[in-house]
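The values are calculated or read from the model by the stated rules, or taken from the named source; none is laboratory data. Here the structure is a predicted model, which means the values were calculated and not measured. As a convention, Cβ positions derive from the backbone with ideal geometry for all residues, glycine included, and neighbour counts pool all protein chains shown.
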Amino acid sequence: MSRTFDDLVAEAQAVSVDGWDFSWLDGRATEQRPSWGYQRMLAERLPDAAAALDIQTGGGEVLAGLPRLAPLTVATESWPPNVDKATRLLHPRGAVVVADEDEPPLPFADEAFDLVVSRHPVTVWWGEIARVLQPGGTYFSQQVGPASVFELVEYFLGPQPEEVRRGRHPDDARRGAEDAGLQITELRSESLRTEFFDIGAVIYFLRKVIWMVPGFTVDQYRGRLEELDQQIRRDGSFVAHTTRFLIEARKPE
């Protein structure tokens, strides 16, 4: 690697982190994908739905990448830059984007949708999902599991307590869905290898996924970043592990 630490930092700080497109990391970081193929499975389900809701759509990239949408497709998003991006991507596809604060209640009537989906939601309001689903309707989601990329999180924040490491456990998702009256039809999880090949990739990732190291700034963590830069140059990469789980739940008729 011939580029200096300062060059990589400046580049990673200058690039936009709007939306949920990680293509800037191509060649600089890799993340193993879950074996089930969420987008493919979603593409199989959406055309069969009459009315579908995508919660926390980000920049709308997942929906925009599907060959067909439901006749009525609605997406919600809270962050204004993502609302703008999702609107530009999804309006030409006939989908409606609704700015929503990701707090209950969802801005829709009871039993408005026969399919509710979400990829990597930050929060899951199970009662609201159950409320807006029609009887016989389905919730389908890929979510971030417990202690995801915690090798990186704990590099900056130090060892985390067990209750933090266990957060977002699929067993808790099962319990939340069942408490809301939904029936689990599928639940599976995987641990996946992630590698960062330069310090710019680390900085970009932490700027974009803001809940990993809350309040992250280069100035605050410069010393640790310099040490990690040297480690990556020596070892070739920094290895972490993401956790993902797939959950599908049905509202009884």
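So the values come out like this:
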item: The stretch 6-30: number of residues that are more than 18 Å from the chain's Cα centre (by Cα) and of a type in the set (S, T, N, Q); result: 1
item: Checking Trp79 against (1) within 17 Å of His120 (Cβ to Cβ); (2) surrounded by 19 or more Cβ atoms within 10 Å (Cβ to Cβ); (3) among the hydrophobic types (A, V, I, L, M, F, W, C), the condition it does not meet; result: (2)
item: Sole exception among (1) part of a loop (DSSP other than H, G, I, E, B); (2) within 22 Å of Trp24 (Cβ to Cβ) for Leu228, by number; result: (1)
item: Hits in the stretch 106-137 (condition: charged (D, E, K, R), surrounded by fewer than 20 Cβ atoms within 10 Å (Cβ to Cβ) and within 30 Å of Trp211 (Cα to Cα)); result: Glu128, Arg131
item: Any pair with Cβ under 6 angstrom, 6 or more apart, that starts in the stretch 137-149 at a residue that is within 11 Å of Pro34 (Cβ to Cβ) and assigned to a loop (DSSP other than H, G, I, E, B) and ends at one that is of a type in the set (Gly, Ala, Ser) and at pLDDT 95 or above; result: Gly145/Ser189
item: Criterion: loosely packed, with under 15 Cβ neighbours inside 10 Å, in a loop (DSSP other than H, G, I, E, B) and either without any contact (Cβ under 8 Å) to a residue 24 or more places away in the chain or within 16 Å of the chain's Cα centre (by Cα) (or both) - qualifying residue of Arg68, Arg33, Arg3, Arg40; result: Arg33
item: Residue in the stretch 212-221 that is at pLDDT below 95, part of a loop (DSSP other than H, G, I, E, B), under 19 Å from the mean Cα position of the chain (by Cα) and β-branched (Val, Ile, Thr) present; result: no
item: Tally, over the stretch 173-191, of residues that are more than 20 Å from Trp36 (Cβ to Cβ) and either assigned to a helix (DSSP H, G or I) or in contact with a strand residue (DSSP E or B) (Cβ under 7 Å, 6 or more places away or on another chain) (or both); result: 4
